[in-house]
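The values are calculated or read from the model by the stated rules, or taken from the named source; none is laboratory data. The shown structure was predicted, so the numbers you read here are calculated from the model rather than taken from an experiment. Cβ coordinates were reconstructed from backbone atoms using ideal geometry, including for glycine residues, and neighbour counts include every protein chain displayed. All accessible areas refer to the heavy atoms of the entire protein, side chains included, with ligands and DNA or RNA removed. Shrake-Rupley method; radii C 1.70, N 1.55, O 1.52, S 1.80 Å.
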Amino acid sequence: MYVQGVSTRKVAAITEELCGHEFSASSISAITAQLDGQLRQFAERPLEEEFPYLILDARYEKVRAQGGVGSRAVLVALGWTGKGGAKCWR
């Protein structure tokens, strides 16, 4: 929800309704800050093998960035190893 631009207060209200546990807006911000680090680490990891064939595409999603909500491209990559293997990244 946070990545889609839902405010931290609305995320807190929704998690309380769904989970029966109350989270403060600051707790939601702290949790998403940890998630940002994990996503960055995933995006910057080295690939384990070569992919000579790639198909790249993008779609636009509403995201929270720099204190506001805007559209950002989400890159989708499909790689073939040439040996029958394939991987997909978003």
#### Entry: Cα-based helix-to-principal-axis angle, 8-19 vs the chain, degrees rounded to 10
90
### Carbon + sulfur, % of accessible area of the chain - ligands and nucleic acids excluded, 1.4 Å
53
### Message
In Å², and per residue, what accessible area does the chain have when probed at 1.4 Å with the other protein chains present?
### Response
79
### Query
When only DSSP loop residues count, what GluC sites (Glu not before Pro) in the stretch 9-72 have their Cβ near at most 14 other Cβ atoms within 10 Å?
22, 44, 48, 49, 50
### Query
What is the gain in length, in nm to one decimal, between residue 9 and residue 86 on full extension, counting 0.36 nm per residue of separation less the C-alpha to C-alpha distance?
23.7 nm
### Query
Once the Cα atoms of the chain are picked out, what are the Rg and Dmax in Å?
17.2, 50
### Message
Can you tell me the orientation of helix 25-43 relative to the chain, as the angle in degrees between its alpha-carbon axis and the longest Cα principal axis, to the nearest 10?
### Response
10
